[in-house]
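Beneath this line is the structure, given in structure tokens, with notes to follow.
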Amino acid sequence: MPAAGALDLRIRGVVQGVGFRPFVYRLAQRYALTGWVLNGESGVVVHVEGPLDALDAFTRAIVAEAPPAATVASVDTLPGAHEGFRDFTIRASDLTAEQRMTARIAPDMAVCDACLRELFDPADRRFRYPYINCTNCGPRYSIVLGLPYDRPATTMAPWPMCAQCAAEYHDPADRRFHAQPVACPACGPEYVLRAGAGDALHHETHAEVRGTEAIEAAAALLRDGALVAVKGIGGYHLACDAANAIAVAALRERKYRKERPFAVMARDLGVARALVELDADAKALLTSVARPIVLAPARRTLGGIAPDNRELGVMLPYTPLHHLLFACGAPDVLVMTSANRSSEPMAYDDADALAQLTGIADAFLIGERRIARRVDDSVARVTKAGPSILRRARGLAPQAIATIPSTRPILAVGGDLKNAVALVVDGQAFVSQHVGDLDHVPARDAFDETVRDLCAMYGIREHELLIAHDAHPEYVSSVYARAMPGEHVAVQHHRGHVASVLAERGEWTRDVLGVAFDGTGYGDDGTIWGGEFFAGSVRDGFERVAHLRSAPLPGGDAAARFPVQAAAGFLSELSDVPDLTAPPFSFPARYEHARAMIAKNVRVFRTTSMGRLFDTVAALLGFTREITFEGQAAMWLEHLATTADETAPYDFPLRDGELDYRPLLAAIVDDRARGRDNGSIARAFHAAVVEAIVRVHVQLGDGRPLAASGGVFQNRLLVESLHARLGASLWVNRIVPANDGGLCLGQAALAAAGHRCEPRRRSAGGRAPHV
């Protein structure tokens, strides 16, 4: 008889809601082991008994053969007491009310190939059923109401399983064994099509259309140029035919979205390849289980989809409903944009969607399954420096993305733009889905909902928290954080950006040269920073060692919306500037008004913002109007630069720790006046910024890596050019966005290390600018 034993395993990672317990059950059956498995507070708990060689093989297979949607972070194996079990079972979770959940919630996953085959098999009982799923795919985070992840704690609770679904659910050999959202047409939710304000349904009666007929009718409406609100996994999308310029223009007008690019959904990979350039890495990202929107160079021009932009955001169908819409004849390329009015959060509650989208959508394709929380689409791109996340949401959130050395729970509330929050529980940092900009009341409500949701999910009591927030005293997120019970820590904005790069990598003690370039952040001296270099580490803190030369910023907030207003400030530092209201510059009257503000020193603030320098150059090259979305002028400038070949950089010297933009701007003004090609000027400017960063790294880096973050580093040309110069010495964000969507992770890391910022208010100028 071979020697026998018993083991107790504690498995952490994304191991709940991904078919992990059924997987463990089947492994135990394979190796003829006995015992049990259950969902515990920190993951999956296993007690297993049997021959020692079988126990060893079982333990190795736990990691080597984990389900495709699972991520095993760690397996703690301890000797167990041999209790003489006669079989192996899946037990119900046994948490007490006092235990805190630290298990990682699985993100929502794209429908798998096996379910797709059944979806289109006329012989299958789930033929054309839009809620088909299994343990390897389907909704998770968007339907979870509490942990542990069991059906009663999801929004599928109102639909008891029929006998056939229950049989599959309890059959260890079935792909739906313990799949919590399992359902079928006989027992599950369905879709309903309702007419919108335009009463666009093409039927003799205007009653609701249900089931397969609803999906067929919605596809017909999309073919006819209608705008349809479609309920997905994490909220509603507004969909229309991307090739129908009239429909796209109507969507922009009704949604009040003037120029911000729309994302599109392609029927399949072949259609996507015809739309954008896809290398192997971009294809892998596009087809990954997360199914993000992928930004890639456009091959086809779609009128009105991405004005003045050489990239297109493309995604593939990720729900059964999407596949069914295309199969029912919807156009091959659909605009699929968040269903909201401009600047408001995505609608996800049925009643709110019907109220908010009245006057926008011609019809509503409504799924009966409730969405527990709003989850936008993730946005990503692949560059020569590797993949990067621009918006972290569906398919990615709320994964634990870093281990932060803290036994105390930490809540980091991020900033006011592109907000996301982080919660650290037992050292695991969970980053929320994208929340949005907190300028509007609905977004603030969504922010509050996200904070409370995360804390409730993991059983965190607010008074236990260490709460990290931005150092800006008047940020909505900062005011909110200080009103919460618990200890509060202010973290300087740009140090938070640099720390986010290091937290991703688990680099707590490594010294780096950090660079944080963005539009705005509250500085230690109360002025507006945005072009900063730091030396140090997360453990020891970051010292500011260089920065962009400061410039006056007339009007604060308004300068972020009007590039010519920012230009008035930067150009006022030059000794000789021609009349920029005359051709070829043709600056509007706002420029002269801003110059007058500077002359009178009325509402003028100092800034070191690299983002505003990009705006200034964009204005000099022709972007003299108001922007309609954040970063528009800089994006316009980048894409202008990509139209030209590589060229010599402008002079952008480092003098006494300051990057002096004056020679650069003087040369640009002169070149534009002389008629140099605008694309070539833009390319030379980008080259100058790259050269300046490399120069600072050479002079101050002492061989340390360069950790780059902040919204400016969403610029593909800039990052790829830097990577070409620095190679592996360049560290950029990979897991969280370089923009303010990743700020919360850096705040949490610096708060855990005990760093806090006590910035000084401006001694003059009144209220601190909130820009």
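The values are calculated or read from the model by the stated rules, or taken from the named source; none is laboratory data. Note that this is a predicted model, so its numbers are computed, not measured. No Cβ is skipped: glycine too gets one built from the backbone with ideal geometry, and neighbour counts run over all protein chains shown. We work out accessible area using only protein heavy atoms, side chains counted, and drop any ligands, DNA or RNA first. Shrake-Rupley method; radii C 1.70, N 1.55, O 1.52, S 1.80 Å.
From the set of residues in region 489-538 that are of a type in the set (S, T, N, Q) and under 16 Å from residue 738 (Cβ atoms), which is modelled with the highest pLDDT? Write out each step before concluding.
Filtering region 489-538 down to residues of a type in the set (S, T, N, Q) leaves 492, 500, 509, 520, 527, 537.
Next cut, under 16 Å from residue 738 (Cβ atoms) only: 500, 520.
On the way: 500: 98, 520: 94.
This residue is 500.
I need the full set of residues from region 477-519 which are open to solvent by 30 Å² or more (accessible area, probe 1.4 Å) and in contact with a helix residue (DSSP H, G or I) (Cβ under 6 Å, 6 or more places away or on another chain), in order please.
Listed by number, the residues that qualify are 485, 486, 488.
What's the total number of residues in region 518-550 that are closer than 16 Å to residue 712 by Cβ, hydrophobic (A, V, I, L, M, F, W, C) and in contact with a Ser or Thr (Cβ under 9 Å, 6 or more places away or on another chain)?
3
When residues of region 245-266 are filtered for being closer than 16 Å to residue 228 by Cβ, open to solvent by 40 Å² or more (accessible area, probe 1.4 Å) and not aliphatic (A, V, I, L, M), how many remain?
1
Are there any pairs with C-beta distances below 8 angstrom linking a residue in region 250-271 that is under 14 Å from residue 303 (Cβ atoms) to a residue that is assigned to a helix (DSSP H, G or I) and open to solvent by less than 30 Å² (accessible area, probe 1.4 Å), with the two at least 6 apart or on different chains, and if so which?
Here the result reads 259/632; 262/248; 262/251; 264/275, each pair linking region 250-271 to a residue that is assigned to a helix (DSSP H, G or I) and open to solvent by less than 30 Å² (accessible area, probe 1.4 Å).
Residue check, residue 595 against (1) basic (Lys, Arg); (2) without any contact (Cβ under 8 Å) to a residue 60 or more places away in the chain; (3) over 20 Å from residue 666 (Cα atoms), all met but one. Which one?
Of (1) basic (Lys, Arg); (2) without any contact (Cβ under 8 Å) to a residue 60 or more places away in the chain; (3) over 20 Å from residue 666 (Cα atoms), only one is false for residue 595: (3).
How many residues does region 408-464 hold that are open to solvent by less than 10 Å² (accessible area, probe 1.4 Å) and acidic (Asp, Glu)?
1
Among the residues that make up region 656-679, is at least one of them open to solvent by 10 Å² or more (accessible area, probe 1.4 Å) and within 30 Å of residue 489 (Cα to Cα)?
Yes: one or more hits.
Out of the residues in region 118-158 that are assigned to a helix (DSSP H, G or I) and more than 21 Å from residue 286 (Cβ to Cβ), state the one that is nearest to the chain's Cα centre (by Cα). Show your work before the answer.
Going residue by residue through region 118-158, those that are assigned to a helix (DSSP H, G or I) are 118-119, 151-153.
Narrowing the set further to residues that are more than 21 Å from residue 286 (Cβ to Cβ) leaves 118, 151-153.
Working: 118: 32, 151: 27, 152: 29, 153: 26 Å.
Residue satisfying both the conditions and the ranking: 153.
Of all residues in region 629-647, count the ones that are aromatic (Phe, Trp, Tyr) and buried (at least 18 other Cβ atoms within 10 Å of the Cβ).
So in region 629-647, the residues aromatic (Phe, Trp, Tyr) come out as 629, 636.
Narrowing further to those that are buried (at least 18 other Cβ atoms within 10 Å of the Cβ): 636.
The total comes to 1.
Give 719, 771 a once-over and let me know the one that is modelled with pLDDT of 95 or more and in contact with a strand residue (DSSP E or B) (Cβ under 7 Å, 6 or more places away or on another chain). Reasoning before the result, please.
Details: 771 fails: modelled with pLDDT of 95 or more.
One residue alone meets the criteria, 719.
Which one is nearest to residue 564 (Cα to Cα), of the residues in region 596-628 that are open to solvent by 20 Å² or more (accessible area, probe 1.4 Å) and within 32 Å of the chain's Cα centre (by Cα)?
Applying the filter and picking the extreme gives 624.
Filtering region 274-305 down to residues that are buried (at least 21 other Cβ atoms within 10 Å of the Cβ) and small (Gly, Ala, Ser), which residue is nearest to the chain's Cα centre (by Cα)?
290
Name the residue that is most open to solvent (accessible area, probe 1.4 Å), counting only residues in region 159-173 that are out of contact with any helix residue (DSSP H, G or I) (no Cβ under 7 Å at 6 or more places or on another chain) and assigned to a loop (DSSP other than H, G, I, E, B).
Our first condition is that a residue be out of contact with any helix residue (DSSP H, G or I) (no Cβ under 7 Å at 6 or more places or on another chain); within region 159-173, this holds for 159-160, 162-171, 173.
Imposing the further condition that a residue be assigned to a loop (DSSP other than H, G, I, E, B) reduces the set to 159-160, 162, 170-171, 173.
Numbers: 159: 50, 160: 98, 162: 29, 170: 118, 171: 63, 173: 90 Å².
Out of the qualifying residues, it is 170.
How many of the residues in region 532-553 are without any contact (Cβ under 8 Å) to a residue 12 or more places away in the chain and of a type in the set (A, V, I, L, M)?
Count: 0.
Quick check on this structure: which one of 538, 515, 491, 476 is of a type in the set (Val, Ile, Thr) and over 27 Å from residue 613 (Cα atoms)?
Numbers: 515 fails: over 27 Å from residue 613 (Cα atoms); 491 fails: over 27 Å from residue 613 (Cα atoms); 476 fails: over 27 Å from residue 613 (Cα atoms).
Testing whether each residue is of a type in the set (Val, Ile, Thr) and over 27 Å from residue 613 (Cα atoms) leaves just 538.
Sort out which residues of region 544-595 are open to solvent by less than 10 Å² (accessible area, probe 1.4 Å), in a helix (DSSP H, G or I) and either out of contact with any helix residue (DSSP H, G or I) (no Cβ under 7 Å at 6 or more places or on another chain) or over 17 Å from residue 614 (Cα atoms) (or both), and write them in order of number.
Hits for region 544-595 are 556, 594.
Looking for whichever is in contact (Cβ under 8 Å) with a residue 60 or more places away in the chain and among the small types (Gly, Ala, Ser) here; the options are 19, 50. Which one fits? Quick ask: steps written out before the conclusion?
Values: 50 fails: in contact (Cβ under 8 Å) with a residue 60 or more places away in the chain.
None of the others qualify; the one that does is 19.
With the condition being farther than 20 Å from residue 447 by Cβ and within 23 Å of the chain's Cα centre (by Cα), I'd like the strands (runs of 3 or more DSSP E) fully within region 484-542 carrying at least 2 qualifying residues. Spell out the reasoning first.
Values: elements: 487-491, 512-522, 528-537.
Strands (runs of 3 or more DSSP E) meeting the threshold: 512-522.
Six or more apart or on different chains, Cβ under 9 Å: which pairs go from a residue in region 624-650 that's free of Cβ contacts under 8 Å to residues at least 60 places away in the same chain and under 15 Å from residue 612 (Cβ atoms) to one that's open to solvent by 50 Å² or more (accessible area, probe 1.4 Å) and not β-branched (Val, Ile, Thr)? Could you list them?
none
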